[in-house]
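Have a look at the structure below before the remarks.
The values are calculated or read from the model by the stated rules, or taken from the named source; none is laboratory data. Here the structure is a predicted model, which is why all the values come from computation and not from measurement. Note that we place each Cβ from the backbone using ideal geometry, even for glycine, and neighbour counts take in every protein chain shown.
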Amino acid sequence: MIVPMLTQPSDLGERADCSVQGRLLDIDRFASHDGPGIRTAVFLKGCPLACEWCHSPESQSATPQLLFQSQRCVACWSCIDVCPDNALTRGFEGEHEAVTLDRERCTECGACATACYPGALSMAGRIVTVAEVVDQVERDRAFFDSSGGGVTVSGGEPAAQPAFTFNLLAACRERGLHTALQTTGYARWEIVERLSRVADLILYDVKLIDSEQHRRYTGVSNELVLDNLRRLLSVHREVLVRVPCIPGVNDAPEQIAGAAALLAGIGVERIELMRYNAAAGAKYDWLGRPFGFARREAQSDEYIKRLTRIVVAHGIAVAAA
Ligand code: SF4
Ligand code: SF4
């Protein structure tokens with residue numbers, strides 16, 4: 001069923017509130033994989049899922065976190081004096097002099113990141129207002145106009161900050177920008193529905209069809225995700241389901257066939273198969289966390305073509321990833 005989409009924020013009977021604050025991870029200009037054209041991707045901090053393969057582990061926690069890239073350390077020792085918790089000491093990284101960080105002591109106050117001019121220490125996450133983000137996004141308007149692009153709000157999980165995400169998308173809409181929302185779908189339906197009113201396009205992740213496997217690898221079951229998807233398809237005409245293909249987790253031909261059958265059964269007409277990103281491991285190191293998927297490799301072109309044929313055989317088109 002195609003339902004007319006709301007096209008103007010004024011249809012909502014309210015204006016965007018640009019004073020609302022949210023937790024921002026990063027803003028990525030000239031993104032090209034998160035919707036049509038050249039896009040500015042706004043990554044928010046905090047996610048209710050904890051996918052083991054997450055390529056943005058610094059987005060999972062809602063609070064600011066200290067990242068340490070030891071190879072950037074030039075051993076100036078400026079950070080040691082400013083740390084109120086004595087979490088930093090002189091040390092070595094192999095042959096190379098570098099500060100040593102004791103994460104047990106660190107309270108993630110951020111003082112050392114301010115003192116570290118080479119950027120070896122940095123904080124992931126800060127509080128911003130909608131107005132600050134819209135200001136930055138608007139600087140790329142010329143690129144949006146020439147490419148058919150716009151803004152994509154991603155995460156983390158944007159629905160975990162519903163007021164901020166709603167007002168950010170609505171403010172961009174009011175300025176005539178194309179808006180996309182990337183979501184795991186793991187939120188109350190009322191939130192997903194409300195956000196869908198200010199998103200021209202929804203990029204909706206479906207990771208695993210088997211609920212127990214979903215819980216094992218992401219920390220939550222998938223009933224809410226699939227239920228919200230069914231409902232969303234009945235109220236929004238631009239929903240692109242994205243399936244991240246994770247080696248050894250969900251990318252076996254029979255698993256993709258099972259996903260395609262389920263998605264076809266609920267009315268999905270087009271999906272994107274996302275090849276595994278093997279380059280994510282470094283960020284786990286910056287957070288001092290182990291990365292269990294370090295040795296997994298991205299699927300070959302041939303393998304992705306094989307999975308594509310399986311999906312197409314179920315009557316679903318596959319968008320280029
Ligand atoms: S301030 Fe930065 S570059 Fe200097 S010792 Fe600390 S981590 Fe290394
Ligand atoms: S974030 Fe604060 S407590 Fe942690 S190492 Fe840096 S200065 Fe010390």
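Observations, loosely collected:
- One residue from Gly281, Gly265 being in contact with a Phe, Trp or Tyr (Cβ under 9 Å, 6 or more places away or on another chain), without any contact (Cβ under 8 Å) to a residue 40 or more places away in the chain and not acidic (Asp, Glu): Gly281
- Among the conditions (1) under 20 Å from Arg242 (Cβ atoms); (2) outside any helix (DSSP H, G or I), the only one that Thr165 does not satisfy is (2).
- At least 2 residues being of a type outside the set (Asp, Glu) and within 19 Å of the chain's Cα centre (by Cα) is the threshold, and among the helices (runs of 4 or more DSSP H) wholly inside the range 175-287 those reaching it are 189-196, 211-218, 223-233, 281-287.
- Arg296 vs. criteria out of contact with any helix residue (DSSP H, G or I) (no Cβ under 9 Å at 6 or more places or on another chain), surrounded by 13 or more Cβ atoms within 10 Å (Cβ to Cβ) and not in a helix (DSSP H, G or I): no
- Options Glu104, Glu157, Glu174, Glu108; residue that is farther than 17 Å from Pro36 by Cα, of a type in the set (Asp, Glu), within 16 Å of ligand 2 (Cβ to nearest atom) and touching a residue at least 40 places away in the same chain (Cβ under 8 Å): Glu108
- Looking only at the range 49-80, and only at residues there that are outside any loop (DSSP other than H, G, I, E, B) and near ligand 1 (Cβ under 10 Å from one of its atoms), the one that is surrounded by the most Cβ atoms within 10 Å (Cβ to Cβ): Phe68
- Restricting Ala294, Ala252 to those that are over 24 Å from Asp210 (Cβ atoms) and without any contact (Cβ under 8 Å) to a residue 40 or more places away in the chain reduces the list to Ala294.
- Residues in the range 117-133 that are over 22 Å from the mean Cα position of the chain (by Cα) and either within 15 Å of Thr107 (Cα to Cα) or away from ligand 1 (no atom under 16 Å from the Cβ) (or both): Leu121 alone.
- Test: Ala113 is surrounded by 15 or more Cβ atoms within 10 Å (Cβ to Cβ), in a helix (DSSP H, G or I) and small (Gly, Ala, Ser): yes
- Beta carbons closer than 6 Å, at least 6 apart along the sequence or on distinct chains, never pair a first residue in the range 215-237 that is free of Cβ contacts under 8 Å to residues at least 60 places away in the same chain and assigned by TED's automatic domain parsing to the domain that holds Leu262 with a second that is of a type in the set (Lys, Arg) and surrounded by 18 or more Cβ atoms within 10 Å (Cβ to Cβ).
- Residue within the range 194-209 that is surrounded by fewer than 16 Cβ atoms within 10 Å (Cβ to Cβ) and of a type outside the set (Lys, Arg) present: no
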